[in-house]
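First comes the structure, then the notes that go with it.
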There are 2 protein chains.
Amino acid sequence: MAQRPDPVAPADDAARAQARALLALPHAALAFRDPEEGSPGISRIAFGLGHDGQMLTLISALAVHHAALRADPACALLLGEPGPKGDPLIHPRLMIRATAGFVTDPDDRSSLRAAWLTTHPKARLYIDFADFAFVRFTPVSLLLNGGFGKAFRLMPGDLSQ
Amino acid sequence: MAQRPDPVAPADDAARAQARALLALPHAALAFRDPEEGSPGISRIAFGLGHDGQMLTLISALAVHHAALRADPACALLLGEPGPKGDPLIHPRLMIRATAGFVTDPDDRSSLRAAWLTTHPKARLYIDFADFAFVRFTPVSLLLNGGFGKAFRLMPGDLSQ
């Protein structure tokens, strides 16, 4: 069988800038594995960047994905939303394969808490509840889709300013 | 250890109506398993309902999730988007665990094509490309999250009008 052309291009400066802009969004979709069945699960999560651009979320122990990420840290994030007009698939979005790590150190948490509230002020209502924990995502690989025929592969180092 | 109260309630009429409203959205996030590594993957997809309320997407063979769903039909969908205001987690969203089936019968495809174009008119640009296929999602279970403390479990039968 003939080799198909790779539809994904290496990142260029415009792709890197677009990816960084998507990382400023305050929420994401999270894909994970169900801890019991192993089948795919999905949730909406809050999303933010901490110091040094580290990717973060703040999640409740009541959320389905909390137990899932505790059992299996492999996950994927989708950032970017279609606007109300046009084909939803022409709007840019960023897919990130990552591993999730729960933040347990109190000083670490305290520093993340301050950074989080600057971008998610409404989280003040629940950020100090005992069942809420910060999770840091370490990106493994990234795919930017800027619309039909505009897919780019990024490496974690591409996200540095 | 004391049993925690179940944070998810059985569906009521309001939850069923909200779920049906979310199913009218033209796009979704799709969680799947990477065909090589088994790790979670995520993509934006077009979404629509066919005859009898069946859940559908139209995907290109170039998309990452095409090969993934061919290899493993277990997947999950997220419908619903935060608006620009307020905490993104107060906006309603529907999580659907499903199995994906590719539509191969030409008559079936022809009928789905007509229905799809009424809700996704811009798909006319590519719907007849040889690498585009319809995929039908059969729901296994549904979770509606209408905001903090407002989670409901739905069964596929709850979606009938």
Using θ = phi - 60° and the Karplus form 6.51 cos²θ - 1.76 cosθ + 1.60, what ³J(HN,Hα) does each residue of the stretch B:24-30 get, whole Hz, x for Gly and Pro? 7, 5, x, 8, 8, 9, 10
So which aspartates and glutamates can B:LYS122 reach, going by Cα to Cα under 13 Å and dropping same-chain residues fewer than 8 places off? A:ASP87
Within 10 Å of the Cβ of an average residue in B:89-102, the count of other chain Cβ atoms is 3
If the label for B:SER60 sits 7 angstrom from Cα along the Cα-to-Cβ line, what are its distances to the same label in every other copy, in nm to one decimal, shortest first? 3.9
Spelling it out for A:VAL140: with amide H atoms placed in the peptide plane at 1.01 Å from N, the residues 5 or more places away or on another chain with amide H under 5 Å from its amide H are A:ARG97, A:ALA98, A:THR99
Where only alpha carbons of the protein assembly as shown are counted, the Rg and the Dmax (Å): 19.3, 62
Inter-copy separations for B:ARG153, label at 7 Å along Cα-Cβ, nm, ascending: 4.2
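Taking each residue of B:72-81 in turn, how many C-beta atoms of other protein chains fall within 10 Å of its C-beta, and what is the average?
Numbers: counts 2, 0, 5, 5, 9, 3, 8, 1, 1, 7.
For peptide B:72-81, the averaged partner shielding equals 4.
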Under 5 Å from the placed amide H of A:ALA74, counting only residues 5+ away or on other chains, we find A:ALA100
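Less than 13 Å Cβ to Cβ from B:ALA14, Lys/Arg counted +1 and Asp/Glu -1: what total charge do the surrounding residues give? Let's see the in-between values first.
Values: positive: B:ARG16, B:ARG20, B:LYS150; negative: B:ASP12, B:ASP13, B:ASP158.
Net of charged neighbours comes to 0.
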Please identify, among A:GLY50, A:GLY83, A:GLY101, the residue showing maximal mean-square fluctuation in a Gaussian network model of chain A using a 10 angstrom Cα cutoff. A:GLY83
How many partner chain Cβ atoms sit within 10 Å of a residue's Cβ in peptide A:25-38, on average, as a whole number? 5
Name the trypsin sites (Lys or Arg not before Pro) in the stretch B:19-75 that are in a loop by DSSP and that have at most 16 other C-beta atoms within 10 Å, would you? none
By the mean-Cβ-within-10 Å protection proxy, highest first, B:24-30, B:143-149 rank as B:24-30, B:143-149
Relative to the other copies, what are the label-point distances for B:PHE102, with labels 7 Å from Cα along the C-beta vector, expressed in nm at one decimal and sorted shortest first? 4.0
Kirkwood hydrodynamic radius of chain B, from inverse mean 1/r over distinct Cα pairs, in Å: 16.8 Å
Distance between the C-alpha centers of the stretch B:123-143 and the stretch A:99-117? Whole Å please. 40 Å
Starting at 0 and stepping by 5 Å, how many percent of the alpha carbon pairs of the stretch B:33-94 end up in each bin? 4, 14, 21, 20, 16, 14, 9, 2
With the crude spin-label approximation of a point 7 Å out along Cα→Cβ, what separation in nm comes out for A:MET155 versus A:LYS122? 3.9 nm
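Express the relative contact order of chain A as a whole percentage, based on alpha carbon pairs under 8 Å and six or more residues apart in sequence.
Numbers: 292 pairs, mean separation 43.9, N = 161.
Relative contact order here is 27 percent.
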To the nearest 10 degrees, the tilt of helix B:106-119 (Cα long axis) against the first principal axis of the alpha carbons of chain B is 60 degrees
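Quick one: order A:ARG93, A:ARG109 by neighbouring beta-carbon count within 10 Å, fewest to most.
Values: A:ARG93 25, A:ARG109 16.
Lowest to highest Cβ neighbour count: A:ARG109, A:ARG93.
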Between B:ALA130 and B:ARG70, what is the label-to-label distance in nm when each label sits 7 Å out along the Cα-to-Cβ direction? 1.4 nm
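Every number in this text was worked out from the coordinates using simple rules, so none of it is lab data. These numbers come from a predicted model, not from an experiment. Reconstructed Cβ throughout: ideal geometry from the backbone, glycine too, with neighbour counts over all protein chains shown.
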